[in-house]
Amino acid sequence: MNNEHNTDNNHLTIKQYLKIGLLLTVITFLELIISYIDIGFLLVPILLILSGVKFVIVVAYFMHLKFEDILISKIFTFAFVLASCILLALVSLFIYDPSISNR
Amino acid sequence: MSEQIHSVTGIDSRKLLMWIFLASDCLFFGALISTYLIFKGNIPNPPYPTDRIVNGEFFHGLLNIPLTSASTFVLLMSSVAMVLAVYGAQNNNLKMMKGWLLSTIVLGIAFLLFQVYEFRHFLHEGLGLSTNQFGASFYLMTGFHGVHVGIGVIILISLLFGSFRRNSLGKETGFHIETAGLYWHFVDIVWIIIFTIVYLMPY
């Protein structure tokens, strides 16, 4: 068995998995550095984009969603989008009416 | 049991069930993160998560970003170890699977120890579950995630002990490792979101 070659069972090689691990580490380090720099209103969008990239990489390549049946992708994406919408709705509601949190 | 259990969709029912469970867990964590964000800006009494000046008095923030960055790195590396364990299982490489499974368990326990240290430090600083909204929502969210990691570690330990009784890997074992891997990576992606929203964002 040659571990460096793709077989039917494997979606990626060991080297590719290690490269992804390295990329995730670099992004985390970058997030940490950016959180200490004063870049004003850009901080939140940049951090969200970087963590979104990490999220997609882990889901697509480590959880193999990229190679799975489209139904699984639909189920997971639907739940994630729904959870994000609930989060946005709740946070927006409390931002626009802070008195709600004091009740 | 050696045959795959297929549903009408053509996907193994057990794998489909795991994905549906993870999808439902997304909603659970979504609600917990929302609660934390709502309460974070509305804390009536100290301690506070970040540095704050209230009525002219300065309060040090509790969150320790360098420490949590280290624990985040540990959890990320555990995900890499888990994917290599799955690789070993899928290639019938028992030694590789055992080695990386053990590494994942060790890294998972290390992450939990980081969390125990953080919780003890926060308690020492006066932040209890009922001290303020920050304490309640923070302990609930990160504690719930910690319980997920703990359950994952128990599952991986049981799979590792099971593998010691075998000389080779069957198709079923590979499947169990892959399914446990899905759960473990999910725990990792939830922490990616919690780390960014709770620790790195100032507001």
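The values are calculated or read from the model by the stated rules, or taken from the named source; none is laboratory data. All of these numbers come straight from a predicted model, not from anything done at the bench. Please note: Cβ atoms are built from the backbone with ideal geometry, for glycine as well, and neighbour counts cover all protein chains shown. Ligands, DNA and RNA are stripped out before the accessible areas are found, and what is left, the full protein with its side chains, is counted by its heavy atoms. Shrake-Rupley method; radii C 1.70, N 1.55, O 1.52, S 1.80 Å.
The residue that is farthest from the chain's Cα centre (by Cα), among those in the stretch B:24-65 that are more than 11 Å from chain A (Cβ to nearest Cβ), exposed (fewer than 13 other Cβ atoms within 10 Å of the Cβ) and not in a loop (DSSP other than H, G, I, E, B), is B:Glu57. Inside the stretch A:58-74, can you point out the residues that are buried (at least 18 other Cβ atoms within 10 Å of the Cβ) and of a type in the set (A, V, I, L, M, F, W, C)? A:Val58, A:Val59, A:Phe62, A:Met63, A:Leu65, A:Ile72, listed by residue number.
Taking the listed residues A:Leu50, A:Leu93, A:Leu88, A:Leu82, the one that is within 9 Å of chain B (Cβ to nearest Cβ) and either buried (at least 18 other Cβ atoms within 10 Å of the Cβ) or part of a loop (DSSP other than H, G, I, E, B) (or both) is A:Leu50, with no other qualifying.
A quick yes/no check of all residues on (1) touching a residue at least 60 places away in the same chain (Cβ under 8 Å); (2) within 20 Å of A:Val59 (Cα to Cα); (3) acidic (Asp, Glu):
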| residue | (1), (2), (3) |
| --- | --- |
| B:Leu127 | yes, no, no |
| B:Met141 | yes, no, no |
| B:Gly152 | no, yes, no |
| B:Phe161 | no, no, no |
| B:Arg166 | yes, no, no |
| B:Glu172 | yes, no, yes |
| B:Thr196 | no, yes, no |
| B:Met201 | no, no, no |
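Looking at (1) touching a Phe, Trp or Tyr at 6+ places or on another chain (Cβ under 6 Å); (2) within 27 Å of B:His60 (Cα to Cα); (3) open to solvent by less than 30 Å² (accessible area, probe 1.4 Å), find the lone condition where B:Glu118 falls short. B:Glu118 satisfies all of (1) touching a Phe, Trp or Tyr at 6+ places or on another chain (Cβ under 6 Å); (2) within 27 Å of B:His60 (Cα to Cα); (3) open to solvent by less than 30 Å² (accessible area, probe 1.4 Å) except (1).
So the check is Cβ under 8 Å with 6+ separation or different chains; which pairs have a first residue in the stretch B:64-84 that's closer than 22 Å to B:Phe175 by Cα and of a type in the set (S, T, N, Q) and a second one that's in a helix (DSSP H, G or I) and open to solvent by 10 Å² or more (accessible area, probe 1.4 Å)? Filtered contacts from the stretch B:64-84: B:Ser78/B:Ser103; B:Ser78/B:Leu107.
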